[in-house]
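Here is the structure we will look at, set down as structure tokens.
The values are calculated or read from the model by the stated rules, or taken from the named source; none is laboratory data. What you see is a predicted model; the values in this text were computed from it and never measured. As a convention, Cβ positions derive from the backbone with ideal geometry for all residues, glycine included, and neighbour counts pool all protein chains shown.
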Amino acid sequence: MPDPSFFLPLILQSALIPFGAALAVLAAARALRAGPGAPALAVAAGFLAAYFAILHGQWSLLPKAALDWLPWIALAGLASAPAERIANAAWRLATRLALSVAVGALVVWPAFAGLGLQKAILLAGTAGVLMCAVWTYMARSADSRRTPPWLLALVAGGAALALMLDSSQSIGQLSGALASALVAGVAFNLPRVRMAFSPAAAGTAVLILGALLANAVVYAGFPPGYIALLVGALLVDPLVRTLNRLRSGSEGAGTWALTTVLTALPVGAMVFLAAKAASDAGGY
């Protein structure tokens with residue numbers, strides 16, 4: 001029988017606290033008729049509440065380890081909100097790319113001596129480009145569709161399970177916390193949209209998720225193949241939308257359900273592989 005003393009703190013720290021904090025921010029923002037930055041604040045608040053519940057005893061205000069940067073990265077995501085209001089699309093993209101590469105560099109920097117210049121630049125650049133691409137697509141979809149926060153939550157939740165099974169409990173818990181904060185936004189907007197998931201919220205969530213996965217690869221041995229599966233999962237939504245538009249000229253009814261199922265396939269494959277690896281190694 002599972003030990004409650006192990007699982008109950010995980011549920012509290014990685015699910016209930018971030019979900020409750022994000023939901024409280026959204027409810028307060030709606031009551032105060034706050035602007036479009038509220039969903040981004042909810043994502044950051046949910047994640048930060050969980051972060052300090054999980055790592056409060058290890059965090060350093062002046063970062064000494066890669067995970068110490070995560071609160072600052074969450075705040076940088078919030079600071080990206082003005083960039084989303086830039087009228088010039090090229091400048092907006094450049095700002096996203098600069099922030100994304102900076103986050104990748106912050107994650108890789110503590111391991112610079114061990115990685116070497118070439119590998120460090122490659123890892124930081126790859127992480128930055130991937131984050132920028134996902135952010136840009138999610139920002140374009142955020143205002144008009146419900147799927148972006150749900151799909152990001154699905155990917156973050158799957159990553160959390162895989163990380164806890166085969167790589168890092170702390171990074172896995174934090175990924176689960178991000179998923180819970182995103183799910184709070186989805187729940188808040190049921191059955192009707194009360195506060196749309198904004199481009200700034202997409203940026204905040206993507207920067208946090210990208211930083212967590214980069215930490216997992218660099219410091220916890222998270223296999224690059226798992227990252228490839230997560231990237232494939234995130235590619236499902238634009239592919240389905242494109243195919244529907246080519247076929248019928250519209251996105252089509254029920255697209256969100258099909259997208260969810262297809263997104264879950266590579267995420268589920270990743271979790272299965274992580275569970276198998278953990279089992280082969282004698283269990284987590």
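Can you name the residue in the stretch 61-91 that is assigned to a helix (DSSP H, G or I), among the charged types (D, E, K, R) and surrounded by fewer than 18 Cβ atoms within 10 Å (Cβ to Cβ) and is also modelled with the highest pLDDT among such residues? Only one residue tops the list, namely Asp68.
Residue count for the stretch 255-283 under the criterion of being farther than 18 Å from Gly176 by Cβ, crowded, with 17+ Cβ neighbours inside 10 Å and not hydrophobic (A, V, I, L, M, F, W, C): the result is 3. Only one entry of Leu67, Leu106, Leu93 meets the criterion of being touching a Leu at 6+ places or on another chain (Cβ under 7 Å) and among the hydrophobic types (A, V, I, L, M, F, W, C), and that entry is Leu67.
Only one of Ser141, Ser170, Ser175 is in contact with a helix residue (DSSP H, G or I) (Cβ under 6 Å, 6 or more places away or on another chain) and surrounded by fewer than 24 Cβ atoms within 10 Å (Cβ to Cβ). Can you tell me which? The conditions single out Ser141.
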